[in-house]
Amino acid sequence: WAAEHGDPQWRPDLGFRPTTLAPIDGYLAELAAAGVVDGVLVQPSVYAFDHAYLERAIALAPGRLRGVMLADPLDERVADRIRGLTRTGEITGIRLMPLRTEREWFGPGSEVIWRTAADLGLTMTFLVRPDQVPEVAAWAARFRDVPVVIDHMARPDLSERPGPAAIEALLAASSVGNVHVKLSAIGSMSKLPAPYEDTLSWVRATADAYGPHR
């Protein structure tokens, strides 16, 4: 995301207001410095369902970047919007965000989103809490041809339940073969400095359950 009063404007719809900037030119510089060729950009919720910045960002590095859009289950035209944004093949995933706001993410509007993802061969990704993982797994079991990604190990809370007990639902979801997990945001969940030893039991348990390919 770029500056608050830039183009497009920040929007409060999904309850996220950054305290720092993260513009695309900085991201591309980080890729270059690390020797990374390709990248995936996830639509930042600061823009809600306005994908103008994501589309412009992808265009800055032709052929190197893919995008993940946000879909609004309350939008009666959500299927048309998904088809429009993914028509070029550069946006290849859809993200839903039950962790962020109450929006009937698992309601009737989700059926349309899942069916459109299945029709177009798109990936579904989820920002969820641990208690929301069983709902994701149930949908994934219905749509076995849709790859499903759970972001940030479902953000378990170390203060609630220590160790692998905090991710029981995530580990159980590994029985659904099209569910994958991002081992990410580890530093933001840890109560310790790097290498974040209080999260290592989560990481090991998740890696054991899902394997490196998932």
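May I ask you to give the percent of accessible area on segment 1-46 that is carbon plus sulfur, with a probe radius of 1.4 Å?
60 percent
Compute the distance from the alpha-carbon center of segment 85-113 to that of segment 170-214, in whole Å.
When both Cα centres are located, 23 Å separates them.
Note down the relative contact order for the chain as a percent, whole number, built from C-alpha pairs under 8 angstrom at least six residues apart.
Normalised by residue count, the contact order of the chain is 13 percent.
Considering the Cα trace of the chain, what is its radius of gyration and what is Dmax, both in angstroms?
17.3, 45
In debye, nearest 20: dipole of the chain around its Cα centre with unit charges on the Cβ of K, R (+) and D, E (-)?
320 debye
At 1.4 Å probe size, with every protein chain present, just tell me what the per residue accessible area of the chain comes to in Å².
Averaged over the residues of the chain, the accessible area is 50 Å².
The values are calculated or read from the model by the stated rules, or taken from the named source; none is laboratory data. The structure presented is a predicted model; accordingly, all values stated were derived computationally and were not measured. As a convention, Cβ positions derive from the backbone with ideal geometry for all residues, glycine included, and neighbour counts pool all protein chains shown. Keep in mind that these areas ignore ligands, DNA and RNA; they rest on the heavy atoms of the full protein, side chains included. Shrake-Rupley method; radii C 1.70, N 1.55, O 1.52, S 1.80 Å.
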